[in-house]
1. For residue 239 and residue 367, FRET efficiency with R0 = 45 Å and r from the beta-carbon atoms, rounded to 0.05?
2. At a Förster distance of 35 Å, what's the computed FRET efficiency of residue 561 paired with residue 470, Cβ-Cβ distance as r, to 0.05?
3. List the GluC sites (Glu not before Pro) in region 61-133 that DSSP assigns to loop (not H, G, I, E or B) and whose Cβ has at most 12 other Cβ atoms within 10 Å. Which are they?
4. How large is the dipole of the chain about the Cα centre if only Lys and Arg carry +1 and Asp and Glu carry -1, each at its Cβ, rounded to the nearest 20 debye?
5. What is the sum of charges around residue 525, taking Lys and Arg as +1, Asp and Glu as -1, for the other residues whose C-beta is under 10 Å from the C-beta of residue 525?
6. Counting alpha carbon pairs within less than 8 Å and at least 6 residues apart, what relative contact order, in whole percent, applies to region 1-146?
7. Gain in length, residue 60 to residue 452, computed as 0.36 nm per residue apart minus the alpha-carbon separation, to one decimal in nm?
8. Expressed in nm to one decimal, what extension gain is obtained for the pair residue 104 and residue 194 from 0.36 nm per residue of sequence separation less their Cα-Cα distance?
Amino acid sequence: MTLPATDRIPYGGDYNPEQWDEAVWDEDYRAFDLAHIDMLTVGVFTWSLTQPDEDTYDFTVLDGILDRAEREGRKVCLATGTAAVPPWLAHRHPDVCRTDFEGRRHLFGVRHNACASSPAYRRLATEMARRIAERYGDHPSVIAWHINNEYGGVCYCDLCAEEFRAWLQERYGSLDRLNEAWNTTFWSHRFTDWAQIVPPNMLSEHWRGPNHTAFQGITLDYSRFNTDNILRTFREEKDAIRESSDLPVTTNMMAIYRHLDYHRWAEHLDFASWDNYPTDGSPVSRMALSHALMRGLKGGQPFWLMEQTPTMTATRDYNPVKRPGIMRLWSWQAIAHGSDSVLFFQMRHSKGASEKYHGAILNHAGRTDTRAFAEIAELGAELERVGAVLLGARTPARVAVLFDWDSWWALEITDGHSRAVGYEKQVVAYHEALWQAGAVLDVVPVTADLTDYDVVVAPFLHMLKGDIATRLEDVARRGGTVVTTVMSGRVDEDDNAFLMDVPGPLGALTGVRVDETDSLPPETVNTVVLTRDGSDEVRSAARHVFDVVQPQGAEAVGVYTEDFYAGTPAVTRHGFGEGSAWYVATCLDQDGVDWVIRQALAEHGLVGPFAGVRDLEHTTRAIDGRRYEFLLNHAAETVTVAAPWEGTDILSGRDVSEGEQVEIAPAGVLVIATR
């Protein structure tokens, strides 16, 4: 199954006309014409409307919405409407309401409010999906299915406890195996009956909060179970849709989202999609990382950008609007990294409730003469001109970043080292270094085939699963370069420490032995001096954790300058086979990470042509033998660079010669089809 069939990059987004009368619909579609909008996501939150009680289904309004979309020539991504339960369902079946980490059963309210173990929720949500598909599976406007919306959260109720025990029995087969995995001889925890196992929360194994647990194995497995338990509801709705329709099915994800391991979802999605609402203060490169993570779910297949705000969010303490040109820039960034759509939330401001001020293409007055609407219309016209040439194009990456939810979970619930490290923060730092260096890259799971990559970056790969250690050795053995770091290679899939020197099975590859790991407060800095082959020194501020390294064949390219381990290796490089492995034994600042990454890329000529121009993003998509080179200027100043290719900018139609000086304004975009 591939992406929905379209003849251009779909443009539009979340539309909720059920909130207004049909006179407003008339205004909306006139505006959609002006903005070149051809795609609408509808029905996301219609459950209480289409099913007003358990025995009644009423599709009158949804019929009107879809028929109007057809008459207006719009395509539709149709949701099952099961993203939030209606009040009657929670009132009649209280078990659909979640129990929180503190052990409190919630009442009806908010949005992510359904327990995935509730038989009533599963039965009625699946039936709603079945009826929606039966009714609209052959509707001319519908080209894709959208199940639920931004799945998330955790429940700790008695139903979840029962499902957790069943999940554990399937995973481990016997209590002996479970006890071994959880090391339950510690603190007299050995279980003798499945019924003795309860969810790990503040009433059982936790103290201070979700990251402080007496038994990491139990909490880790509950995170895995929660992913699979919520995924089951998605699969049940998808199976119900498949009874009537073969159209592609997705759900909108949230990229770097801790609570759900999206790699476990990948095989069940026909295409990936996600919602881009960047965290305040995060680097622009984090969006590129998220796009690449979503693209990596389906082995490099393009994805859909299902939501972004046209102007501002409404969920944070401060909600700045996107400055002129930024909406277009970030939309093209998504396309540059593999999106085959540009979709928004929302098409018109809601008149009430929590998102009434969330950005929209049309404000409460429905105006089409605002700055924001003008930018929307200009981008729509641009995408219409570009047409279908980029659809299906892939990213020809030679660099891979390994991203692993199990390592994320295990690292951050582990006692004994720094809680200030943060898996996400460290992965973002290594990706930022690759992004600034212009590396064309994939973000892939530890199970991915690594044979096509020359450089594999595996930061904070705390848990080693399956044969990943051997496959990383294979990368280096055939001439590639592997970069890994402190806190890597520490535990097996059960989150039990390897009974060998750190970094465990990565020791032979990295050529180091770690005798001990110092953990100090975040304000404590140990300067690391980096140099290689007589090059100028780079001084990096290292924090948090500090491996005391004994080289076992590796050469030191960075050394600590303070404390009792002053003069010992902080960064090493080890020749292995025809290639090499780098080990970064501490948390370097961004300058230090940048130095390491550029050294590794340089071994394969993979430092990009614009690596000296900060915040000028470069990446590539390719299809049918043609490459499209994307240049996006995220800096506040105009930049001028020499084009390393000959081709045509598909946005302006201007020809570009190799070596020609091209000027890119702030928020400017070039997409050069090379010749």
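1. 0.55
2. With a Förster radius of 35 Å, E is 0.45.
3. Within region 61-133, the qualifying GluC sites (Glu not before Pro) (loop, at most 12 other Cβ atoms within 10 Å) are 102.
4. On the way: 62 positive and 99 negative charges, 81 e Å.
I would put it at about 380 debye.
5. Working: positive: 543; negative: 523, 562, 589.
Neighbourhood net charge equals -2.
6. Relative contact order of region 1-146: 24 percent.
7. Details: separation 392, 0.36 × 392 = 141.12 nm, distance 5.24 nm.
In short, 135.9 nm is gained.
8. 30.0 nm
Every number here is computed from the coordinates shown, using simple stated rules; none is lab data. All values reported here derive from a predicted model rather than from experimental measurement. A quick note on method: Cβ atoms are made from the backbone with ideal geometry, for glycine too, and the neighbour counts reach across all protein chains shown.
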